[in-house]
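Structure first, commentary second.
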Amino acid sequence: MGDKPIWEQIGSSFVQHYYQLFDTDRTQLGAIYIDASCLTWEGQQFQGKAAIVEKLSSLPFQKIAHSITAQDHQPTPDSCIMAMVVGQLKADDDPIMGFHQSFILKNINEAWVCTNDMFRLAIHNFG
């Protein structure tokens, strides 16, 4: 991992941590958001740590497992990191579905937090 740029290392570590928490105990995700964080989940917008954790904790499934297909990371001009994730998820007994998720990470008080989070299932409705 030492030969990867620092933003790749931070982004990859964040992604691994995020999905590990999401798959085991979504209520713990509050630790990665701040009160100014924004989440767009399937087009619905939520702002603030409490609203985001409430949404993620209330999703209608008991168990979930994410599998990451690919992830890309970029540094931003204002010293943040943009992360894009593509993968598959399996919730309860539902079929496996593809998903896309993007994050913006910011270093605040020596800790990387998620200021922006956008999620979409890879479902195409052309009707």
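The table for this structure:
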| item | result |
| --- | --- |
| The stretch 90-127, residues that are open to solvent by 90 Å² or more (accessible area, probe 1.4 Å), over 19 Å from PRO60 (Cβ atoms) and touching a residue at least 40 places away in the same chain (Cβ under 8 Å) | MET118 |
| Residue match in the stretch 54-66 (condition: in contact (Cβ under 8 Å) with a residue 60 or more places away in the chain and open to solvent by less than 60 Å² (accessible area, probe 1.4 Å)) | no |
| Residues satisfying the stated conditions in the stretch 29-44, i.e. free of Cβ contacts under 8 Å to residues at least 12 places away in the same chain and either buried (at least 17 other Cβ atoms within 10 Å of the Cβ) or under 13 Å from LEU105 (Cβ atoms) (or both) | none |
| Elements of type strands (runs of 3 or more DSSP E) contained in the stretch 46-127, each with 2 or more residues being within 18 Å of GLN28 (Cα to Cα) and of a type in the set (Val, Ile, Thr) | 111-121 |
| Restricting the stretch 67-89 to residues that are buried (at least 16 other Cβ atoms within 10 Å of the Cβ) and not hydrophobic (A, V, I, L, M, F, W, C), the residue that is nearest to GLY43 (Cα to Cα) | GLY87 |
| Any hit, the stretch 3-24, residues being of a type in the set (A, V, I, L, M), out of contact with any Leu (no Cβ under 6 Å at 6 or more places or on another chain) and open to solvent by 80 Å² or more (accessible area, probe 1.4 Å) | yes |
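The values are calculated or read from the model by the stated rules, or taken from the named source; none is laboratory data. The shown structure was predicted, so the numbers you read here are calculated from the model rather than taken from an experiment. Here the Cβ is made from the backbone with ideal geometry for all residues, glycine too, and neighbour counts use every protein chain on show. Keep in mind that these areas ignore ligands, DNA and RNA; they rest on the heavy atoms of the full protein, side chains included. Shrake-Rupley method; radii C 1.70, N 1.55, O 1.52, S 1.80 Å.
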